Amino acid sequence: MKLCMIGTGYVGLVSGVCFADLGNDVICIDRDIKKVEDLKKGIIPIYEPGLEELVLKNYKNKRLKFSTNLKDSIFKSDIIFICVGTPSKKNGNGADLSQIYNVAKEIRASISKFKIIITKSTVPVTTGDEIEKIISQKVSKKLFSVVSNPEFLREGEAIRDFTYPDRVVIGTTDKKSNKILKNLYLPLISKGTKYVNTSRRAAELIKYASNAFLATKITFINELANLCEKIDVNIQDISIGMGLDKRIGGRFLRAGPAYGGSCFPKDTKAIVTTADQFKINLSVIKSVIKSNENRSSLLIKRVFNILNGKVKNKKICFLGVTFKANTDDMRDSSSLLMIPSLHKMGAKINYFDPTGEKDDFKKLNNVHFSSNINFAIRESDLIIIHTEWNDFKSINFNNAVKNKKFIVFDMRNIYSPDKMKELKIKYFGVGR
Ligand SMILES: NC(=O)c1ccc[n+]([C@@H]2O[C@H](COP(=O)([O-])OP(=O)(O)OC[C@H]3O[C@@H](n4cnc5c(N)ncnc54)[C@H](O)[C@@H]3O)[C@@H](O)[C@H]2O)c1
């Protein structure tokens, strides 16, 4: 099939290359000229395991193309996926849909034969109705069908998640579009993926409801971790004991820093705003948002206590700054709150992240990037394990750190407290 992905970010690039790998002809469009030129040269704009090899392979065999020419690409394609960003509005709440509606206007200027137009971006319920309205102002409804096909891939696992998803959700009541899309996803369905056909509005809501539920699980266990710290109980025992109940499940039940990333923070806020518009109070999700926003301050307070209130001039090393491992994505990472706060309190911070230096910290004069782990931790008074990269799982702290009174604050509970005790390392975890 001939596909066009509008927006070549995490979702557009990953799903575009995976569709190409399944044998489709795919054009990935972006308005960012440099990004498109780089991709044509084999330079991949994001860090995502396995992505580079797959892009190079499919670009070489010409199933995958990159372009900035939206009009021409729409003309050549049967199915158009909208994969542009839907960030939070500047005032904080609700999704900013300007990129979506701009694309809808661009699409309507380029339709001459039947096209399926799909929102793969995460969009609030009724956005599909609005896109249909915008396009039908200039184009006959017989020439297009607007479908919702939300994407559930996780950064860091994106290729595996796209290729082996738990489910594909297609929101449409149009039989013709449903048949074509079922065919597009047939290679995944035949390997066991469940195909769920719903109304367009239901598909839009499934995505937000799923993210809000996962955010709730994380927040739930984070709050329980606070209790565990007071009562000498290990939160990991609670996660295992609860997670083995199939009705609950063990995933997203691990205590740590506040949830971050490009989806959960913005999507929880957006679903609450949507519900408010319909005068429905999603009080559970509202509490989750509040609790998560408090979590970074709570952990900063914990750092303050670990250092006995003496943060000024302390050398603090952050291991990992991205919101999770195996991605270079910094959007809404809790390190963006913690590092500037500790810097403001007078700490001297350096950090190491396998995906390199981050622009976000360049303006802070006492925050520096180190290019390897041992160098990063050598002079530290306090080492904070912020992101669960494999690189941080077997560090010989006693050999690497000069100051023999160093402390480790393991926000991901990677290390065993007993082992650290044996090694005479002053060690703190989360919820234990
Ligand atoms: N990142 C994830 O893990 C993930 C997972 C599932 C769903 N989503 C959703 O998918 C959507 C995209 O997320 P992302 O992380 O890929 O975003 P992104 O910011 O990485 O990529 C969006 C791309 O769209 C391009 N773009 C914007 N307007 C354009 C236009 N008019 N024409 C051409 N290109 C245009 C931008 O230049 C950018 O490259 C969001 O709604 C997000 O919530 C993201």
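The values are calculated or read from the model by the stated rules, or taken from the named source; none is laboratory data. Since we're looking at a predicted model, the values are computed, not measured. Neighbour counts run over all protein chains shown; Cβ positions are idealised from the backbone, glycine included. We work out accessible area using only protein heavy atoms, side chains counted, and drop any ligands, DNA or RNA first. Shrake-Rupley method; radii C 1.70, N 1.55, O 1.52, S 1.80 Å.
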Exercise for the section: Residue by residue through region 35-47, note down the ones that are within 21 Å of the chain's Cα centre (by Cα), within 11 Å of the ligand (Cβ to nearest atom) and not charged (D, E, K, R). Expected result: P45, I46
Handout entry: Among residues of region 68-85, those that are near the ligand (Cβ under 10 Å from one of its atoms) and either open to solvent by 10 Å² or more (accessible area, probe 1.4 Å) or without any contact (Cβ under 8 Å) to a residue 24 or more places away in the chain (or both), counted
Key = 5
Problem - region 35-47, subset open to solvent by 40 Å² or more (accessible area, probe 1.4 Å) and out of contact with any strand residue (DSSP E or B) (no Cβ under 9 Å at 6 or more places or on another chain), residue farthest from T86 (Cα to Cα) - result: K41
Handout entry: Members of region 250-283 that are part of a loop (DSSP other than H, G, I, E, B) and either open to solvent by less than 30 Å² (accessible area, probe 1.4 Å) or modelled with pLDDT under 95 (or both)
Key = L253, A255, G256, P257, A258, Y259, G260, G261, S262
Practice task
Taking T126 as the residue in question, decide whether it is surrounded by fewer than 19 Cβ atoms within 10 Å (Cβ to Cβ), within 16 Å of the ligand (Cβ to nearest atom) and over 30 Å from D328 (Cα atoms).
Solution key: yes
Problem - In region 191-204, the residues that are surrounded by fewer than 22 Cβ atoms within 10 Å (Cβ to Cβ), aliphatic (A, V, I, L, M) and part of a helix (DSSP H, G or I) - result: A202
Exercise for the section: Would you confirm whether any residue within region 12-34 is within 14 Å of the ligand (Cβ to nearest atom), more than 28 Å from G356 (Cα to Cα) and either crowded, with 17+ Cβ neighbours inside 10 Å or of a type in the set (G, A, S) (or both)? Expected result: yes
Handout entry: Unique match (being in contact (Cβ under 8 Å) with a residue 24 or more places away in the chain and buried (at least 23 other Cβ atoms within 10 Å of the Cβ)) among S121, S88, S110
Key = S121
Exercise for the section: Determine which single condition R154 fails, assuming it passes every other condition in (1) within 10 Å of the ligand (Cβ to nearest atom); (2) under 18 Å from M5 (Cβ atoms); (3) not in a helix (DSSP H, G or I). Expected result: (2)
Handout entry: Failed item in (1) out of contact with any strand residue (DSSP E or B) (no Cβ under 7 Å at 6 or more places or on another chain); (2) open to solvent by 20 Å² or more (accessible area, probe 1.4 Å), with S333 passing the rest
Key = (2)
Practice task
Find the residue count for region 256-306, including only residues that are in contact with a Leu (Cβ under 8 Å, 6 or more places away or on another chain), within 16 Å of the ligand (Cβ to nearest atom) and among the β-branched types (V, I, T).
Solution key: 2
Exercise for the section: Inspect region 48-66 for any residue being open to solvent by 50 Å² or more (accessible area, probe 1.4 Å) and within 11 Å of the ligand (Cβ to nearest atom) and give the result as yes or no. Expected result: no
